[in-house]
Amino acid sequence: MEGRVLVVEDDASIREVAALGLTRAGLRVDTAVDGRDALTRWRPGHVDLIVLDVMLPGLDGFEVCREIRRTSQVPILMLTARTDTIDVVVGLESGADDYVRKPFEVPELVARVRALLRRSTAPAEEGAVTVGDLVVDPVRYLAHRGGRELALTATEFRLLLELARRPGQVFTREILLERVWNYPYLGDSRLVDVAVQRLRAKVEDDPSHPRLLRTVRGAGYKLTAG
């Protein structure tokens, strides 16, 4: 699988290990040493995925992620310290698609990157799906509600599409990890929960009282017509 990856990491040894592992996996890799360097090197259409460390000098990874999300939905994989659990939630809320804890094993990093690239480049296999006033179009990779286009990340779009394909069906977190994130054996249910929260903020009239994307206590989530 060929893809262009930008690795943003201020620790030279970690940066070199990540870059070497991804290069050996057949990916084209560029590197940045801090947040400002990352924003200089990143250009829409020239990078397929960003591996982004949280703890960067100057602009931290959260700030870089938010800045990129202002104009792009390029997949972003955050690197977080193993002890900093809060980084996971904050990173995902900033717009990251996934995360890997440090210290990491290179095969895990490669697997996560490949999974994100597969999801972002998978061809559409169906036409638009309509649930109430919500329209999800996998061919154009667009979603609308009431005629208003929704600004979704790639992961949020795939999550919404998966739920919209079977309105009213309850999806467990495990099923969503497998179908949306594509690696249940590496997954974390927080990925699902935070993605649902972010998606609600974009599709619901009142995210604190969701009518479309509902939680089924003890089971999972489902999408209804509202």
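The values are calculated or read from the model by the stated rules, or taken from the named source; none is laboratory data. Only a predicted model underlies this, so the values are computations on that prediction, with no experimental measurement involved. Positions of Cβ are backbone-derived with ideal geometry, glycine not excepted, and every protein chain shown enters the neighbour counts. Each accessible area value is taken on the protein alone, full model and side chains, heavy atoms only, with ligands, DNA and RNA left out. Shrake-Rupley method; radii C 1.70, N 1.55, O 1.52, S 1.80 Å.
Worth a mention:
- Under 5 Å from the amide H of V7 lie the amide H atoms of D30, T31, A32, V51, each residue being 5 or more positions distant or on a separate chain, with H modelled from the backbone and absent for Pro and chain starts.
- Note on the chain: antiparallel DSSP beta bridges, both residues inside, total approximately 45 percent of the bridges counted.
- Just the protein heavy atoms count here, and of the accessible area of the chain at 1.4 Å, carbon and sulfur take up 49 percent.
- Computed over the chain, Cα set: Rg, Dmax in Å: 17.4, 51
- Accessible area of region 1-120 divided out per residue, in Å², using a probe of 1.4 angstrom: 44 Å²
- Cα gyration tensor category, rounded, prolate or oblate, for region 19-131 with a/c compared to 1.5: rounded
- Peptides 70-77, 128-135 ranked from most to least packed, by the mean per-residue count of other Cβ atoms within 10 Å: 70-77, 128-135.
- What the Cα atoms of region 1-80 give is an Rg and a Dmax of 11.5, 33 Å.
- Semi-axis lengths, Å, region 133-226, gyration tensor of Cα atoms, sqrt of 5 times eigenvalues: 20, 15, 12
- Among V139, V170, V33, residue whose mean-square fluctuation peaks in a GNM of the chain (springs only between Cα atoms under 10 Å): V139
- What the Cα atoms of region 135-175 give is an Rg and a Dmax of 10.7, 32 Å.
- Solvent accessible area, Å² - Y141, 1.4 Å probe, full protein context: 90 Å²
- Candidates T155, T85, T215, ranked by Gaussian network fluctuation over the chain, Cα under 10 Å, top entry: T85
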